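Asks: Take this structure first; my questions come after.
The numbers here are math on the coordinates, done by the rules we state, and not lab data. Bear in mind the structure is a predicted one, so any value in this text is a computation, not a measurement. Using ideal geometry, Cβ is built from the backbone for each residue, glycine included, and neighbour counts are taken over all protein chains shown.
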Amino acid sequence: MRQEQSSLGFWQLGAALGLGLVIGGALGWTGYIKATTTWAEEFSVMQSLDVSRDGTLAKPNENAGNSEPKKYPVAEVVGIGTYNFGVSQPGVMMEHTFIIRNRGEGPLELTLKETTCKCLTMTLDSKIPTIVQPGEELPVTLQFKSEKAAESFVQMAKIKTNDPHLTRNTLKLQVEGRIVSRTIVRPYGLEVSDLMSSSSSTFNFNLYTFAIDDVDPSTIQIETIRCDNALLNEKLKFTWQPLSEAEILAQYQAKGGFQITGIVPQGMPMNMYAANIFVKTSDGSESSLGISIKVKAPVTIRGLSNEHGNVRFFEEAQYIDFGIVKAGQTAEMDLLFNYRTDKKGELEFNIAEISHPDLLDVEIADTRRTPTATIVRLRVAIRADAPPTLLNGPKRDKMANVKIMTNSVEAPAVNLAISVSKN
């Protein structure tokens with residue numbers, strides 16, 4: 001009995017081992033086939049066996065023998081899908097025509113999906129599809145117009161298609177370029193600080209010209225340079241010379257230009273100036289840049305403490321802020337001027353101009369002279385009987401002004417600004 005059971009167990013074990021070898025061999029062969037068979041070959045075998053990719057039997061197609069494979073369109077842009085307009089001016093309409101080809105086997109449907117800006121338009125409709133038959137081409141025109149200057153712009157139109165090969169069935173066309181005036185000034189703004197009144201100084205900026213329309217940039221010349229600050233317009237002088245080829249190439253797409261030198265003369269009054277400089281050229285263009293100029297002199301000005309605690313003196317900007325002064329009341333501040341000039345203790349100091357004498361009382365309270373300096377105490381007060389006045393800037397030409405003159409070449413003038421609101 002035991003011998004029969006042992007014999008039976010032996011055959012069961014043998015059968016299990018044999019079955020394991022058969023299954024292992026089948027799995028190994030399947031892995032080898034998958035590793036060495038392309039997807040196209042595998043797909044072909046599955047089609048012949050009517051098996052789906054996940055291994056399950058596909059449902060029989062009753063019309064398989066009678067139907068043809070579905071034909072798809074393939075959309076492509078002939079050439080490149082990005083066009084650079086180069087340099088143009090604000091308000092000028094730019095356009096470019098792209099060619100879209102259908103190199104597929106089915107009809108291609110094209111509709112405008114969206115654009116990145118309302119200033120970009122195209123010839124495709126956003127609702128009714130335009131059909132492109134297999135092998136045919138369709139011209140599509142993009143138009144771009146901007147009223148504002150831009151150092152560079154990139155705009156895109158997205159076209160919806162029925163091409164399944166494209167990401168989200170979308171074809172993209174792009175235009176780029178630069179919008180400037182025919183001439184531009186760089187840098188945009190300029191700060192010229194710590195100039196000494198006792199000597200002349202210079203500053204530089206560049207004017208660039210561009211090839212726009214039919215104007216040859218090499219023929220453009222500078223006609224006039226002016227400032228919107230009356231004193232600077234009178235005092236500053238300008239010279240210019242053509243830029244080198246390397247300097248022109250350093251500015252993107254520029255074709256010509258000039259280096260302009262501004263000359264600040266000796267004896268400019270000690271002050272902080274702000275202005276716009278306008279450069280007009282022979283083609284009718286006008287470009288500008290903002291400039292600030294700080295002129296220093298061998299003099300220090302200090303605001304002295306006073307009983308009106310809300311009055312402040314700003315030495316860097318050289319102005320007194322009286323704040324709000326109520327009707328019938330007054331406010332005052334003393335300033336101490338310490339001149340260390342060529343005149344030293346012989347300096348003549350006088351009040352040359354008061355812009356609002358009905359508002360301001362200005363007097364020299366004290367003058368002291370030493371072998372090395374002249375020290376002047378100046379008192380500035382708001383009149384109690386002054387009419388209602390609003391002179392609180394922020395620009396200096398919107399404030400009251402007191403002009404101080406001396407007989408020193410190093411420190412000939414000081415323009416003191418007064419900010420106040422009188423009820």
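Asks: Residue separation times 0.36 nm, minus the C-alpha to C-alpha distance between Glu245 and Asp385: what's the value? It would help to have the intermediate numbers written out before the result.
Replies: Numbers: separation 140, 0.36 × 140 = 50.40 nm, distance 6.50 nm.
My answer for the length gained is 43.9 nm.
Asks: Also: Provide the three semi-axes, in whole Å and in decreasing order, of the ellipsoid equivalent to the range 339-419 as defined by the square roots of 5 times the Cα gyration tensor eigenvalues.
Replies: Here the semi-axes work out to 28, 14, 8 Å.
Asks: What is the list of residues in the range 215-230 whose amide nitrogen lies under 16 Å from a point 7 angstrom out from the Cα of Ala274, following Cα to Cβ?
Replies: Only 228-230 fall inside the zone, counting backbone N under 16 Å.
Asks: OK, next. Using only C-alpha positions, report the orientation-averaged shadow area of the convex hull of the range 192-264, nm², one decimal.
Replies: Numbers: hull surface 25.2 nm².
Across all orientations, the range 192-264 yields a mean hull projection of 6.3 nm².
Asks: Arranged from highest to lowest average of other beta-carbon atoms within 10 Å per residue, in what order do the peptides 100-106, 150-156 appear?
Replies: Most protected by this proxy first, the peptides run 100-106, 150-156.
Asks: Next question, about the same structure. List the lysines whose Cα lies under 22 Å from the Cα of Lys158, skipping any in the same chain that are fewer than 8 positions away.
Replies: Straight-distance partners of Lys158: Lys113, Lys118, Lys127, Lys145, Lys172.
Asks: Assuming 0.36 nm per residue, please report the length gained on full extension of the stretch Met93 to Lys118 beyond their Cα-Cα distance. Please list the in-between numbers first.
Replies: Numbers: separation 25, 0.36 × 25 = 9.00 nm, distance 1.33 nm.
Extra length from Met93 to Lys118 when fully extended: 7.7 nm.
Asks: Another question, then. Given that compact globular proteins tend to follow 2.2 N^0.38 Å, what is the ratio of the alpha-carbon Rg of the range 168-292 to that value?
Replies: That ratio works out to 1.30.
Asks: Go through 215-226, 169-180, 405-416 and give me the packing order, highest mean Cβ count within 10 Å leading.
Replies: Result, highest mean first: 405-416, 169-180, 215-226.
Asks: I'd like the FRET efficiency for Phe314 and Asp342, computed as 1/(1 + (r/R0)^6) with the beta carbon distance as r and R0 of 22 Å, rounded to 0.05.
Replies: Computed FRET efficiency for Phe314 and Asp342 comes out at 0.20.
Asks: Pull up the cross-link candidates among the lysines for Lys280, meaning alpha carbon to alpha carbon under 20 Å and not fewer than 8 places away within one chain.
Replies: Reachable lysines: Lys148, Lys235, Lys237, Lys255.
Asks: Treating cross-link reach as a plain straight distance, find the aspartates and glutamates whose alpha-carbon is under 18 Å from the alpha-carbon of Lys326, omitting any fewer than eight places away in the same chain.
Replies: Output for Lys326: Glu307, Asp358, Asp361, Asp385.
Asks: Based on DSSP, what percent of beta bridges with both residues in the range 183-296 are antiparallel, to the nearest 5?
Replies: Details: 34 of 40 bridges.
If we restrict to bridges inside the range 183-296, about 85 percent are antiparallel.
Asks: Given Gln241, Gly262, Leu304, which one lies farthest toward the positive end of the charge dipole of the range 225-328, if we put +1 on the Cβ of every Lys and Arg and -1 on the Cβ of every Asp and Glu?
Replies: Positive-most Cα among the choices belongs to Leu304.
Asks: Loop-only GluC sites (Glu not before Pro) in the range 269-328, please: DSSP not H, G, I, E or B, and at most 10 other Cβ atoms within 10 Å. Working shown, then result.
Replies: On the way: sites: Glu286, Glu307, Glu315, Glu316; in loops: Glu307, Glu315, Glu316.
Here the sparse-neighbourhood loop sites are Glu307, Glu316.
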